[in-house]
Amino acid sequence: MTDAFVSILGKPYGIVLAQLLTATQYTIYLTLIAFLGGGLIGAVVATAKITTSRTARTLASGYIWLFQSVPLLMLLFLLGLGVPRLIGMNINSWLAASIALTLYASAYLSEVWAGAVNGVAKGQWEAGFALGLRFRPVLWTIIAPQALRLAIAPTVGFMVQIIKGTSLAYIIGFHDLMTIGRRWANAPVPGTEPFVIFPLMALIYFCLCFPLSKLSRRLERRLGAVHGADKTAAG
(Lines give C-alpha, C1' and ligand atoms only; values in the text may rest on other atoms or scores of the structure.)
Protein backbone atom coordinates (compact mmCIF):
# COMPACT_ATOMS: atom_id res chain seq x y z
CA MET A 1 0.00 0.00 0.00
CA THR A 2 2.86 2.36 0.80
CA ASP A 3 4.41 1.96 -2.65
CA ALA A 4 1.06 2.74 -4.28
CA PHE A 5 0.61 5.94 -2.29
CA VAL A 6 4.22 6.98 -2.91
CA SER A 7 3.81 6.50 -6.64
CA ILE A 8 0.71 8.71 -6.61
CA LEU A 9 1.60 11.36 -4.01
CA GLY A 10 5.38 11.12 -3.86
CA LYS A 11 7.52 11.40 -0.73
CA PRO A 12 6.94 12.06 2.09
CA TYR A 13 3.19 12.50 1.59
CA GLY A 14 2.59 9.01 0.23
CA ILE A 15 4.45 7.41 3.14
CA VAL A 16 2.68 9.59 5.71
CA LEU A 17 -0.79 8.89 4.35
CA ALA A 18 -0.15 5.16 4.05
CA GLN A 19 1.07 4.95 7.65
CA LEU A 20 -1.83 7.05 8.98
CA LEU A 21 -4.37 4.86 7.22
CA THR A 22 -2.63 1.72 8.48
CA ALA A 23 -2.75 3.10 12.03
CA THR A 24 -6.43 3.98 11.58
CA GLN A 25 -7.33 0.31 11.43
CA TYR A 26 -5.99 -0.12 14.97
CA THR A 27 -8.18 2.78 16.09
CA ILE A 28 -11.16 0.93 14.57
CA TYR A 29 -10.17 -2.38 16.18
CA LEU A 30 -9.82 -0.78 19.61
CA THR A 31 -13.20 0.94 19.17
CA LEU A 32 -14.89 -2.36 18.33
CA ILE A 33 -13.26 -4.15 21.28
CA ALA A 34 -14.35 -1.40 23.67
CA PHE A 35 -17.86 -1.29 22.23
CA LEU A 36 -18.43 -5.05 22.31
CA GLY A 37 -16.78 -5.56 25.70
CA GLY A 38 -18.48 -2.51 27.15
CA GLY A 39 -21.78 -3.68 25.69
CA LEU A 40 -21.56 -7.07 27.37
CA ILE A 41 -20.66 -5.62 30.76
CA GLY A 42 -23.10 -2.75 30.27
CA ALA A 43 -25.97 -5.17 29.63
CA VAL A 44 -25.25 -6.93 32.93
CA VAL A 45 -24.97 -3.65 34.84
CA ALA A 46 -28.11 -2.23 33.22
CA THR A 47 -30.06 -5.36 34.16
CA ALA A 48 -28.82 -5.08 37.74
CA LYS A 49 -29.79 -1.39 37.83
CA ILE A 50 -33.44 -2.12 36.99
CA THR A 51 -33.84 -5.35 38.93
CA THR A 52 -36.03 -5.66 42.01
CA SER A 53 -33.00 -6.34 44.23
CA ARG A 54 -31.98 -3.24 46.15
CA THR A 55 -28.44 -4.57 46.62
CA ALA A 56 -28.02 -5.17 42.89
CA ARG A 57 -29.31 -1.68 42.10
CA THR A 58 -26.92 -0.13 44.61
CA LEU A 59 -23.93 -2.02 43.20
CA ALA A 60 -24.89 -1.14 39.62
CA SER A 61 -25.31 2.54 40.49
CA GLY A 62 -21.94 2.50 42.27
CA TYR A 63 -20.26 0.93 39.24
CA ILE A 64 -21.74 3.52 36.90
CA TRP A 65 -20.87 6.38 39.22
CA LEU A 66 -17.28 5.16 39.61
CA PHE A 67 -16.39 4.75 35.96
CA GLN A 68 -18.28 7.84 34.85
CA SER A 69 -16.51 9.91 37.49
CA VAL A 70 -12.97 8.74 36.73
CA PRO A 71 -11.65 10.45 33.57
CA LEU A 72 -10.73 8.10 30.73
CA LEU A 73 -7.22 9.57 30.72
CA MET A 74 -6.82 8.57 34.37
CA LEU A 75 -8.04 5.03 33.64
CA LEU A 76 -5.44 4.73 30.89
CA PHE A 77 -2.71 6.00 33.22
CA LEU A 78 -3.73 3.59 35.99
CA LEU A 79 -4.02 0.48 33.82
CA GLY A 80 -1.21 1.25 31.41
CA LEU A 81 1.36 2.76 33.76
CA GLY A 82 0.25 2.54 37.40
CA VAL A 83 -0.76 -1.11 37.69
CA PRO A 84 2.30 -2.45 35.80
CA ARG A 85 4.60 -0.55 38.16
CA LEU A 86 2.59 -1.66 41.19
CA ILE A 87 2.74 -5.38 40.35
CA GLY A 88 6.20 -5.22 38.81
CA MET A 89 5.34 -6.51 35.35
CA ASN A 90 4.64 -5.09 31.92
CA ILE A 91 1.10 -4.95 30.58
CA ASN A 92 0.63 -4.89 26.84
CA SER A 93 -0.67 -1.51 25.64
CA TRP A 94 -3.40 -3.30 23.67
CA LEU A 95 -4.66 -4.99 26.84
CA ALA A 96 -4.45 -1.86 28.98
CA ALA A 97 -6.20 0.33 26.41
CA SER A 98 -8.88 -2.30 25.79
CA ILE A 99 -9.68 -2.70 29.49
CA ALA A 100 -9.75 1.05 30.14
CA LEU A 101 -12.02 1.81 27.20
CA THR A 102 -14.24 -1.19 27.94
CA LEU A 103 -14.82 0.00 31.52
CA TYR A 104 -15.46 3.53 30.26
CA ALA A 105 -17.91 2.33 27.60
CA SER A 106 -19.72 -0.09 29.91
CA ALA A 107 -20.59 2.63 32.42
CA TYR A 108 -22.16 4.88 29.80
CA LEU A 109 -23.86 2.13 27.81
CA SER A 110 -25.43 0.67 30.95
CA GLU A 111 -26.80 4.11 31.80
CA VAL A 112 -28.22 4.49 28.28
CA TRP A 113 -29.82 1.04 28.30
CA ALA A 114 -31.22 1.31 31.80
CA GLY A 115 -32.70 4.66 30.83
CA ALA A 116 -34.27 3.10 27.73
CA VAL A 117 -35.88 0.39 29.85
CA ASN A 118 -37.21 2.99 32.26
CA GLY A 119 -38.57 4.87 29.26
CA VAL A 120 -40.99 2.06 28.47
CA ALA A 121 -44.45 2.70 29.89
CA LYS A 122 -44.97 1.15 33.33
CA GLY A 123 -48.22 -0.31 32.09
CA GLN A 124 -46.19 -2.76 30.01
CA TRP A 125 -44.65 -4.16 33.19
CA GLU A 126 -48.03 -4.34 34.87
CA ALA A 127 -49.52 -6.14 31.89
CA GLY A 128 -46.76 -8.73 31.96
CA PHE A 129 -47.12 -9.33 35.69
CA ALA A 130 -50.90 -9.57 35.26
CA LEU A 131 -50.28 -12.47 32.86
CA GLY A 132 -48.46 -14.29 35.66
CA LEU A 133 -44.96 -13.73 34.24
CA ARG A 134 -41.95 -13.18 36.48
CA PHE A 135 -39.47 -10.30 36.25
CA ARG A 136 -37.05 -11.84 33.72
CA PRO A 137 -39.65 -13.08 31.21
CA VAL A 138 -41.38 -9.69 31.33
CA LEU A 139 -38.05 -7.91 30.83
CA TRP A 140 -36.79 -9.99 27.91
CA THR A 141 -40.04 -10.70 26.06
CA ILE A 142 -42.01 -7.49 26.57
CA ILE A 143 -39.81 -4.64 27.79
CA ALA A 144 -36.46 -5.26 26.05
CA PRO A 145 -37.82 -5.19 22.46
CA GLN A 146 -39.45 -1.81 23.14
CA ALA A 147 -36.41 -0.46 25.00
CA LEU A 148 -34.16 -1.52 22.12
CA ARG A 149 -35.92 0.92 19.84
CA LEU A 150 -35.28 3.74 22.31
CA ALA A 151 -31.65 2.77 22.87
CA ILE A 152 -30.42 2.26 19.29
CA ALA A 153 -29.87 5.93 18.42
CA PRO A 154 -27.90 6.93 21.56
CA THR A 155 -25.94 3.67 21.41
CA VAL A 156 -24.81 4.36 17.85
CA GLY A 157 -24.06 7.94 18.82
CA PHE A 158 -21.91 6.80 21.74
CA MET A 159 -19.61 4.95 19.34
CA VAL A 160 -18.43 8.39 18.25
CA GLN A 161 -17.31 9.07 21.82
CA ILE A 162 -15.42 5.78 21.91
CA ILE A 163 -13.61 6.62 18.66
CA LYS A 164 -12.60 9.97 20.13
CA GLY A 165 -11.57 8.28 23.36
CA THR A 166 -9.12 6.01 21.56
CA SER A 167 -7.05 9.08 20.70
CA LEU A 168 -5.93 9.22 24.35
CA ALA A 169 -4.40 5.74 24.26
CA TYR A 170 -1.17 7.11 22.80
CA ILE A 171 -0.08 8.07 26.33
CA ILE A 172 0.49 4.38 27.17
CA GLY A 173 2.24 3.57 23.90
CA PHE A 174 -0.70 2.30 21.89
CA HIS A 175 0.16 2.63 18.20
CA ASP A 176 -2.97 4.12 16.72
CA LEU A 177 -3.70 7.08 14.47
CA MET A 178 -2.81 9.64 17.14
CA THR A 179 0.55 8.04 17.93
CA ILE A 180 1.70 7.82 14.32
CA GLY A 181 0.43 11.31 13.55
CA ARG A 182 2.26 12.86 16.50
CA ARG A 183 5.41 11.01 15.52
CA TRP A 184 5.31 12.43 12.01
CA ALA A 185 4.40 15.91 13.26
CA ASN A 186 7.53 15.91 15.44
CA ALA A 187 9.79 14.46 12.74
CA PRO A 188 12.36 16.83 11.16
CA VAL A 189 11.08 16.02 7.67
CA PRO A 190 9.97 18.81 5.30
CA GLY A 191 6.29 18.41 4.48
CA THR A 192 5.35 16.75 7.79
CA GLU A 193 4.93 19.88 9.86
CA PRO A 194 2.14 19.89 12.49
CA PHE A 195 -0.02 22.23 10.38
CA VAL A 196 0.02 19.53 7.68
CA ILE A 197 -0.29 16.37 9.78
CA PHE A 198 -2.88 17.44 12.35
CA PRO A 199 -5.50 18.64 9.82
CA LEU A 200 -5.00 15.35 7.96
CA MET A 201 -5.57 13.41 11.19
CA ALA A 202 -8.63 15.52 11.94
CA LEU A 203 -10.00 14.68 8.50
CA ILE A 204 -9.55 10.95 9.13
CA TYR A 205 -11.29 11.19 12.52
CA PHE A 206 -14.06 13.17 10.85
CA CYS A 207 -14.52 10.43 8.23
CA LEU A 208 -14.86 7.89 11.04
CA CYS A 209 -17.23 9.89 13.23
CA PHE A 210 -19.44 11.82 10.83
CA PRO A 211 -21.29 8.83 9.31
CA LEU A 212 -22.07 7.50 12.78
CA SER A 213 -23.30 10.91 13.93
CA LYS A 214 -25.57 11.21 10.91
CA LEU A 215 -26.85 7.66 11.43
CA SER A 216 -27.56 8.35 15.09
CA ARG A 217 -29.54 11.49 14.30
CA ARG A 218 -31.50 9.76 11.55
CA LEU A 219 -32.34 6.84 13.83
CA GLU A 220 -33.32 9.22 16.61
CA ARG A 221 -35.74 11.07 14.33
CA ARG A 222 -37.18 7.92 12.77
CA LEU A 223 -37.51 5.86 15.94
CA GLY A 224 -38.67 8.87 17.91
CA ALA A 225 -41.47 9.40 15.43
CA VAL A 226 -42.45 5.73 15.63
CA HIS A 227 -42.39 5.81 19.44
CA GLY A 228 -44.58 8.92 19.43
CA ALA A 229 -47.05 7.24 17.09
CA ASP A 230 -47.14 4.19 19.35
CA LYS A 231 -47.91 6.35 22.37
CA THR A 232 -50.69 8.11 20.49
CA ALA A 233 -52.19 4.77 19.43
CA ALA A 234 -51.91 3.42 22.97
CA GLY A 235 -53.62 6.48 24.31
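The values are calculated or read from the model by the stated rules, or taken from the named source; none is laboratory data. Because the structure is a prediction, the values reported are computed rather than measured. Because the Cβ atoms are built from the backbone with ideal geometry, glycine has one as well, and the counts that use them run over all protein chains shown. Ligands, DNA and RNA are excluded from the accessible area calculation, which covers all protein heavy atoms including side chains. Shrake-Rupley method; radii C 1.70, N 1.55, O 1.52, S 1.80 Å.
Its relative contact order, with pairs defined as Cα atoms under 8 Å and 6+ residues apart, puts the chain at 24 percent. Stretching the chain fully between ILE87 and CYS209 yields a gain of 40.2 nm (0.36 nm per residue, less the alpha carbon separation).
Carbon-plus-sulfur accessible fraction, the range 61-159 (probe radius 1.4 Å, protein heavy atoms only): 67%. In a reduced charge model with +1 at each Lys and Arg Cβ and -1 at each Asp and Glu Cβ, the chain shows a dipole moment near 560 debye about its Cα centre.
Calculated accessible area for the chain comes out at 56 Å² per residue, all protein chains present (probe 1.4 Å; ligands, DNA, RNA ignored). Between LEU59 and ASN118, the contour length at 0.36 nm per residue exceeds the Cα-Cα span by 19.4 nm. A dipole drawn for the chain from +1 and -1 charges on Cβ atoms has a positive end, and of ALA116, LEU73, ALA187 the residue lying farthest that way is ALA116.
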